[in-house]
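Engineer: My structure is below; once you've seen it, I'll send some questions.
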Amino acid sequence: MSVRRLAKNQPASFAFSQEAREKADWWIAKFPAGRQQSAVIPLLWLVQKQEGWVCEPALRVVAGLLSMPVIRVLEIATFYTMFQLTPVGTVAHVQLCGTTPCMLRGANALKAVLSDKIGPKDHCSADGKFSWEEVECLGACANAPMAAINDYYHEDLTPESLAGIVDRFAAGDAPAPGSAIGRQGSAPVGDPLTLTDPSLYDGSRAKPLSLPNLPAPATAE
């Protein structure tokens with residue numbers, strides 16, 4: 001795993017919004033007395049949902065709320081790659097899978113699209129609206145190549161479909177997640193190949209269950 005460090009440029013302070021603070025208190029209350037530090041990951045996630053990334057002042061705020069050393073919060077934020085430690089695009093952050101199945105299905109061509117549309121990876125675009133990074137397996141190998149954009153998966157991508165998705169985000173639209181070719185889940189492309197006979201799963205072939213005659217249980221005298 002590559003070394004993960006905090007961004008060089010940090011804001012002077014951080015504060016939860018009222019809504020986020022209420023949610024933070026809700027998470028903290030879920031754990032018994034003395035175990036509030038277990039809420040550290042949900043609280044860091046609330047930071048990221050509010051700001052788009054996790055800044056250093058936020059680590060101190062979370063540490064204070066949970067009465068734990070700041071270094072412990074830093075260890076967690078730098079270990080879990082779901083936490084962004086540098087600013088990301090305010091409109092869309094693209095996490096492009098570059099692991100073997102996606103690479104074999106054309107991920108390298110998708111990198112070229114993102115470089116052309118957004119710029120170098122691990123940096124925000126000039127207007128600050130977009131960013132992208134290459135990540136390891138996101139668990140959608142059957143729908144390769146794919147990318148996570150903000151909170152959702154976009155699968156079965158081609159250079160053309162990915163470029164269209166970025167353009168729609170830039171136009172203020174919110175492209176629907178899922179398969180770019182209309183595939184249902186991870187089903188085979190085209191018509192189903194198995195379980196095509198409804199009687200195999202609709203219960204029509206089920207037979208009544210007959211139980212053997214068992215002796216009555218003995219009663220205590």
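The values are calculated or read from the model by the stated rules, or taken from the named source; none is laboratory data. All values reported here derive from a predicted model rather than from experimental measurement. Because the Cβ atoms are built from the backbone with ideal geometry, glycine has one as well, and the counts that use them run over all protein chains shown.
Engineer: From the list K30, K8, pick out the single residue that is exposed (fewer than 11 other Cβ atoms within 10 Å of the Cβ), more than 21 Å from the chain's Cα centre (by Cα) and among the charged types (D, E, K, R).
Structural biologist: Being exposed (fewer than 11 other Cβ atoms within 10 Å of the Cβ), more than 21 Å from the chain's Cα centre (by Cα) and among the charged types (D, E, K, R) holds for just one of K30, K8, which is K8.
Engineer: Right, another one. Against the definition (at pLDDT 95 or above, in contact with a strand residue (DSSP E or B) (Cβ under 7 Å, 6 or more places away or on another chain), outside any loop (DSSP other than H, G, I, E, B) and closer than 22 Å to M103 by Cα), how does S161 come out, yes or no? Steps first, answer last, please.
Structural biologist: Numbers: at pLDDT 95 or above: yes; in contact with a strand residue (DSSP E or B) (Cβ under 7 Å, 6 or more places away or on another chain): no; outside any loop (DSSP other than H, G, I, E, B): yes; closer than 22 Å to M103 by Cα: yes.
Answer is no for this residue.
Engineer: Right, next: Step by step: first the residues of segment 138-163, then only those that are touching a Phe, Trp or Tyr at 6+ places or on another chain (Cβ under 9 Å) and of a type in the set (A, V, I, L, M, F, W, C), then the one that is surrounded by the fewest Cβ atoms within 10 Å (Cβ to Cβ). Which residue is that?
Structural biologist: Filtering first and then ranking leaves L138.
Engineer: Is it the case that some residue within segment 39-50 is basic (K, R) and within 23 Å of A140 (Cβ to Cβ)?
Structural biologist: yes
Engineer: A163 - would you say it is within 21 Å of S186 (Cα to Cα) and in contact (Cβ under 8 Å) with a residue 40 or more places away in the chain?
Structural biologist: Here the answer is no, as A163 does not meet what is asked.
Engineer: Moving on to the next point. Can you give me the number of residues within segment 164-202 that are in a loop (DSSP other than H, G, I, E, B), out of contact with any Leu (no Cβ under 7 Å at 6 or more places or on another chain) and surrounded by 14 or more Cβ atoms within 10 Å (Cβ to Cβ)? I'd like the intermediate steps shown before the answer.
Structural biologist: Going through segment 164-202, the residues in a loop (DSSP other than H, G, I, E, B) turn out to be 171-177, 180-197, 201-202.
Next cut, out of contact with any Leu (no Cβ under 7 Å at 6 or more places or on another chain) only: 171-177, 181-197, 202.
Add one more test, that the residue is surrounded by 14 or more Cβ atoms within 10 Å (Cβ to Cβ), and what stays is 175, 177, 183, 187.
Result for segment 164-202: 4.
Engineer: I've got another one for you. Enumerate the pairs (first residue in segment 189-201 and under 25 Å from A144 (Cβ atoms); second residue anywhere and loosely packed, with under 10 Cβ neighbours inside 10 Å and among the hydroxyl-bearing types (S, T, Y)) with beta-carbon separation below 9 Å, excluding pairs fewer than 6 apart on the same chain, so at least 6 apart or on different chains.
Structural biologist: L195/Y201
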